[in-house]
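The values are calculated or read from the model by the stated rules, or taken from the named source; none is laboratory data. As the structure is a prediction and not an experimental result, all values here were calculated from the model. So basically every Cβ, Gly included, is an ideal-geometry build from the backbone, and we count neighbours across all protein chains shown.
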Amino acid sequence: MAAAKDPLLNRFEELCVAVVCDAMDSLKIPSALIHSAIRRFAGSRMVGRARTIERIPQPMNVTQTDIDPALGMGTQMVMDSSGPGTVIVIAAQGLETAGLIGDNMATRCVGVGVAGVLVDGAIRDLDSIREMNLTVYARATAPRMGLGRAVTLSIDKPVVCGGVYIRPGDIVFGDTDGVVVIPQARAEDIVTEAERIEPIERQVREYIAQGNTLVDAVKKFKVR
């Protein structure tokens, strides 16, 4: 999942989203948690650096040609040029009436080895995507194609997805609990703090499993 050439991703891979959120709280960094309406439809965990695509429902009065014809296949271009250690982020203002990725795009994502796809909108061809074991977080499924129903505004620029501002290169980390966005500029601080917290959490669980109370566990291992 994480690229061998990016040791920071490998460190996050050993953690969980909950502990990373705790670390961000500890450092007083806004916990950039993607809205819970965006959930995992296929695959497993994902950790990778964001490649961003901004798409919106097609306005009534313009087409992709009017906006920027060069971005007509912007999503495809980003996927073709991505690789291991990448999470494709499609910010689409919650568009649920058309699938913004399907089995063709998913096949390419698997082929280039991306870590996963995060879509603030709908996907389609879910059975096929699950068979590929591509990790995909999205809002919904919709069988209709996105062509003619969505337009692309930008690629590889900051976007807002699931209520979170995401810059290209930010780390996107998803597991069963949800998806958190880790700002690139603070990633080293956050992973170091999470690595400090994780063994404490493990000790707390072990202490409680031995029959000790929750109150005693908090007093022993945590400062409140």
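Of note:
- Taken over the stretch 39-85, the residue count meeting the criterion of being over 22 Å from R144 (Cα atoms), among the hydroxyl-bearing types (S, T, Y) and not in a strand (DSSP E or B) is 3.
- Restricting attention to the stretch 129-143, the residues that are within 16 Å of the chain's Cα centre (by Cα) and either among the hydrophobic types (A, V, I, L, M, F, W, C) or within 9 Å of V119 (Cα to Cα) (or both) add up to 6.
- Residue check for A42: in contact with a Leu (Cβ under 7 Å, 6 or more places away or on another chain), assigned by TED's automatic domain parsing to the domain that holds M132 and at negative phi: yes
- Residue check, L147 assigned by TED's automatic domain parsing to the domain that holds M46, at pLDDT below 90 and surrounded by fewer than 18 Cβ atoms within 10 Å (Cβ to Cβ): yes
- Of all residues in the stretch 76-99, those satisfying the criterion of being buried (at least 24 other Cβ atoms within 10 Å of the Cβ) and among the β-branched types (V, I, T) are T86, V87, I88, V89, I90.
- Condition check for R108 on (1) touching a residue at least 60 places away in the same chain (Cβ under 8 Å); (2) surrounded by fewer than 24 Cβ atoms within 10 Å (Cβ to Cβ); (3) in contact with an Asp or Glu (Cβ under 8 Å, 6 or more places away or on another chain); (4) assigned to a helix (DSSP H, G or I): one failure, at (1).
- The residues on offer are A217, A194, and the sole one that is outside any strand (DSSP E or B), more than 30 Å from M105 (Cα to Cα), at pLDDT 95 or above and outside the structural domain of I53 (by TED's automatic domain parsing) is A194.
- Qualifying residue in the stretch 1-11 (condition: touching a residue at least 24 places away in the same chain (Cβ under 8 Å) and polar (S, T, N, Q)): no
- Checked against the criterion of being exposed (fewer than 15 other Cβ atoms within 10 Å of the Cβ), under 19 Å from L27 (Cβ atoms) and out of contact with any strand residue (DSSP E or B) (no Cβ under 9 Å at 6 or more places or on another chain), the candidates E188, E206 yield just one match: E188.
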